[in-house]
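Asks: Take this structure, written in C-alpha cells, and hold onto it; I'll ask about it next.
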Amino acid sequence: MEELNELLQQRRKKLEDLKTSGIDPYPNKFTVTASSADIRKQYGHLTPGSEDKTCSLVVAGRIMTMRLMGKACFAHIKDAAGRIQIYVKKDVIGEQEYEVFKTLDMGDIIGVKGSVFCTRTGEITLHVDQVTLLSKALRPLPEKWHGLTDIETRYRQRYVDLIANDEVAGIFRLRSKVIKTMREYLDSRNFLEVETPMMQSIPGGAAAKPFCTHHNALDIDLFLRIAPELYLKRLIVGGLERVYEVNRNFRNEGISTRHNPEFTMIELYQAYADYNQVLELCREMITLVVKECLGKLETEYNGNIIQFDGDWKRLTLIGAIKEYAEVDFSVPKTLEETKKIASDLQVEFDPNTSHNKIISCIFEQCVEKKLIQPTFICDYPVELSPLAKNSKSNPEMVERFELFIGGQELANAYSELNDPIEQRKRMEQQLKEREKGDEEAQLMDEDFIRALEYGMPPTGGLGIGIDRLVIILTNSPSIRDVILFPQMRPENV
RNA sequence: GGGCCGGUAGCUCAGCUGGUAGAGCACUGCCCUUUUAAGGCAGGUGUCGCGAGUUCGAAUCUCGCCCGGCUCACCA
C-alpha cells in the first residue's frame, strides 16, 4: 500500500464523514430513467431561459466539472452517452442535502432527479431536486482542461483514459462496430461462427514464434495459437462449408506501433470458392464496414485520404515490384542477379536465402509502404505460401492475395491447398527450412494431413487484421490506441 | 536487441550555463442562486524515476539501472 498523499487522505476523510452522517457512499443500486444524450435530444427544442417543469428524469454519472456559487452549483456529469449539465440549488434540494452536495468531489458518481431547462447561454440542463451519491471516488481526476495526455498512464490505466478523454470511448465503439458489421455480413451469407482451440500442441497456420505454456494434468507443453487456420479447415473437411472465427492470435515477437503480442483477426473459409471469390467478398465486406462505421467511403489516415469506393487496384507481386521498384522479375533472373538487384535497391536480406525470399524482401522494403490506396497484391511464389494452392497456369505460384491499405498489410487470402499429398510435401519442406535455422517455418501436423485425406472441398480462405483496420479507420498513430489494454512491462504499483 | 528522445506536485508543464523547487488546474478555508477553463480573497502541496559518483553544494554534470515514446531490425 502506497503512502497516502494529502489529496488521497482528504478523500478518505470525506468518506468517513459521509459514513458517520449515515450516508452510504456505495449503495447497491439506483434506477436511471434517462441518459445524458436522451435528455439533450428530447429537450433540444427548449429556448434559452425556458423550462419544462412537468418532467422528472433520473440520470446518473460521474461529476466531471463543478462551479459552486454559494447557494447554487452548476456541474457536468458524464455517463456512457456523453455529458449533461446539472443545476443544484440549496432551496430546491434542501439545506442538509446541499451541505452534503458541497462536499462531493469531481470523480464521484451521483444520481440526480429533476426537470429540464435551458440556460441563458442555451445549454440543456437538469434542474435537480434530488441528489444521491452512488460511489465516492478516492482518487482525483486528471486536470479538466488538458485531460490525461501521458501516454504511459493512458495505456496502463485505461480506465482513467476513458474517464478523462471523451474521444477514447469512440475508438472502441467503432472497433466494436467493425466486428459487429463483419459478423452481420457473414451471418447473412450463411457463415457459421465457431471457436477453435487457443491452446494448441502444434502451433500452425502462420510463420511466427509462439508462446509456450504447460498443462499440468496432461503434463504436456501447449502453445498459444499463432492462427486458427488449420482448425478452421478441419471444419471445412467436416462439412460446415462456411465458417469464421473472430480470433485472438498470439505471437512471441517484437512490440511496435503496429504489433501487439496478442492481436485480433477475423478468419473465414468458404467451400467451393477460390481466391477470386474471396477477393470480392473481402472488398465487399470491408466496404460495408467502412460505410457502416464512418458513414462515408473515404477516410484520412496518416496524411492521406484513403478511398474505399470503386474498384480497388489489383497487381501481381511481380507487377507491383515492377511498378513501384522499377525492377522486372517477369524475365527470369539468376540468384546472383537477384541479389545484385536487391543490393542496388539497398534492400536488406539474408545472403544465404533464396530467390523468392529476396523478392519478398524487395516487396516489403520498397513497395509495401507505397500502397496507400486499397490494393490487392496477387500471385505469390509457392515457397512463401505453404498452405496455399498452386496456380493452374503456373505451378511455381499459388493463388493468393494480400490486401494493403495505408502502406500496411491488412488481409491475406488464398485458395486453400486441399491436396493432402502436396500438403505433406510442403510441410516436409518447411521442416527442412526449420532445420536450416528458420525458427518460423511451419511444423508437421499429422492430424491436419489426415483430415485433408478425408477430402476437403476446394475452399477459399481469408484473414483480416482487425486492429490494423481500426487503426486506419480511426487514424490512430499506434496499435496501442485501438487495443484497450495493450501489452506493457509490468509496473510496480 | 540497436539508435534518438523523455520521466519534476493528483494532472498539464516551467526550472537544466550547479546555489537547495515554481505556475495553471485540482485541493483546503471564506464570499458568491443562470455558471460553463465561472469569479474574488487567503493557504498547503514534492523521495525532482532509482542508485552511485564529481562538488562546499546536484532536479541541473558523469556513470549504471528502471519505465515509457519514436525509430530500425523481426512480424500481421
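Asks: Quick one: is A:Leu148 more than 9 Å from RNA strand B (Cβ to nearest atom), in a loop (DSSP other than H, G, I, E, B) and surrounded by fewer than 19 Cβ atoms within 10 Å (Cβ to Cβ)?
Replies: no
Asks: Moving on. Would you point out which residue out of A:Pro351, A:Pro386 is within 14 Å of RNA strand B (Cβ to nearest atom) and closer than 19 Å to A:Thr459 by Cβ?
Replies: A:Pro386 is the lone residue from the list that is within 14 Å of RNA strand B (Cβ to nearest atom) and closer than 19 Å to A:Thr459 by Cβ.
Asks: Still on this structure, I have one more. For residues that are among the hydrophobic types (A, V, I, L, M, F, W, C) and open to solvent by 20 Å² or more (accessible area, probe 1.4 Å), scanning just region A:69-79, find the one that is farthest from the chain's Cα centre (by Cα).
Replies: Step by step, filter region A:69-79, then rank; the result is A:Met69.
Asks: Please go through region A:394-425 and give me each residue that is open to solvent by 20 Å² or more (accessible area, probe 1.4 Å), outside any strand (DSSP E or B) and not aliphatic (A, V, I, L, M), ordered by number.
Replies: A:Asn394, A:Pro395, A:Glu396, A:Asn418, A:Asp419, A:Pro420, A:Glu422, A:Arg424, A:Lys425 - these are the residues of region A:394-425 that are open to solvent by 20 Å² or more (accessible area, probe 1.4 Å), outside any strand (DSSP E or B) and not aliphatic (A, V, I, L, M).
Asks: Whether any residue in region A:21-33 is within 13 Å of RNA strand B (Cβ to nearest atom) and surrounded by 15 or more Cβ atoms within 10 Å (Cβ to Cβ) is what I want to check.
Replies: Taking every residue of region A:21-33 in turn, none turns out to be within 13 Å of RNA strand B (Cβ to nearest atom) and surrounded by 15 or more Cβ atoms within 10 Å (Cβ to Cβ).
Asks: Now for a separate question. Please enumerate the residues belonging to region A:447-474 that are more than 16 Å from RNA strand B (Cβ to nearest atom) and assigned to a helix (DSSP H, G or I).
Replies: Selection gives A:Asp447, A:Phe448, A:Ile449, A:Arg450, A:Ala451, A:Leu452, A:Glu453.
Asks: Shifting gears a bit: Outside any strand (DSSP E or B), open to solvent by less than 50 Å² (accessible area, probe 1.4 Å) and either among the acidic types (Asp, Glu) or at pLDDT 95 or above (or both): does that describe A:Asp105?
Replies: In short, yes.
Asks: Right, here's the next one. I'm trying to understand the selection: among the residues of region A:184-208, which are loosely packed, with under 13 Cβ neighbours inside 10 Å, over 20 Å from the mean Cα position of the chain (by Cα) and in contact (Cβ under 8 Å) with a residue 40 or more places away in the chain?
Replies: A:Asn190
Asks: Something else now. Among the residues of region A:189-214, count how many are out of contact with any Ser or Thr (no Cβ under 9 Å at 6 or more places or on another chain) and over 21 Å from A:Ala388 (Cα atoms).
Replies: Qualifying residue count for the region: 16.
Asks: Answer with yes or no whether A:Glu440 is under 32 Å from the mean Cα position of the chain (by Cα), within 13 Å of RNA strand B (Cβ to nearest atom), part of a loop (DSSP other than H, G, I, E, B) and in the same structural domain as A:Gly254 (by TED's automatic domain parsing).
Replies: It is true that A:Glu440 is under 32 Å from the mean Cα position of the chain (by Cα), within 13 Å of RNA strand B (Cβ to nearest atom), part of a loop (DSSP other than H, G, I, E, B) and in the same structural domain as A:Gly254 (by TED's automatic domain parsing).
Asks: For residues in region A:46-68 being more than 8 Å from RNA strand B (Cβ to nearest atom) and more than 21 Å from A:Val32 (Cα to Cα), which is surrounded by the fewest Cβ atoms within 10 Å (Cβ to Cβ)?
Replies: Across region A:46-68, the extreme among qualifying residues is A:Thr47.
Asks: So which strands (runs of 3 or more DSSP E) stay within region A:209-316 end to end and still have 2 or more residues that are of a type outside the set (Phe, Trp, Tyr) and either open to solvent by less than 40 Å² (accessible area, probe 1.4 Å) or free of Cβ contacts under 8 Å to residues at least 24 places away in the same chain (or both)?
Replies: A:212-215, A:220-224, A:242-250, A:262-271, A:298-301, A:304-307
Asks: State all residues of region A:87-122 that are within 12 Å of RNA strand B (Cβ to nearest atom) and under 35 Å from the mean Cα position of the chain (by Cα); if no residue qualifies, say none.
Replies: Those that are within 12 Å of RNA strand B (Cβ to nearest atom) and under 35 Å from the mean Cα position of the chain (by Cα): A:Asp105, A:Met106, A:Gly107, A:Asp108.
Asks: Taking the criterion of being touching a strand residue (DSSP E or B) at 6+ places or on another chain (Cβ under 9 Å), under 25 Å from A:Thr20 (Cα atoms), aliphatic (A, V, I, L, M) and assigned to a loop (DSSP other than H, G, I, E, B), would at least one residue in region A:84-99 satisfy it?
Replies: no
Asks: Let me ask another. So, in region A:324-335, how many residues would count as being under 20 Å from A:Gln365 (Cα atoms) and either surrounded by 17 or more Cβ atoms within 10 Å (Cβ to Cβ) or without any contact (Cβ under 8 Å) to a residue 12 or more places away in the chain (or both)?
Replies: Number of matching residues: 7.
Asks: While we're on this one: Cβ contacts < 9 Å: first residue open to solvent by less than 10 Å² (accessible area, probe 1.4 Å), restricted to region A:467-481; second residue more than 10 Å from RNA strand B (Cβ to nearest atom) and among the small types (Gly, Ala, Ser), any location; separation 6+ or different chain. Result?
Replies: A:Ile471/A:Gly406; A:Ile472/A:Gly406
Asks: What is the number of the single condition among (1) open to solvent by less than 50 Å² (accessible area, probe 1.4 Å); (2) in contact (Cβ under 8 Å) with a residue 60 or more places away in the chain that A:Gln373 does not meet?
Replies: The single condition A:Gln373 does not satisfy is (1).
The values are calculated or read from the model by the stated rules, or taken from the named source; none is laboratory data. These numbers were taken from a predicted model, which means no experiment stands behind them. Note: ideal-geometry Cβ built from the backbone for every residue, glycine included; neighbour counts use all protein chains shown. To get the accessible areas, we keep the full protein, side chains included, count just its heavy atoms, and leave off ligands, DNA and RNA. Shrake-Rupley method; radii C 1.70, N 1.55, O 1.52, S 1.80 Å.
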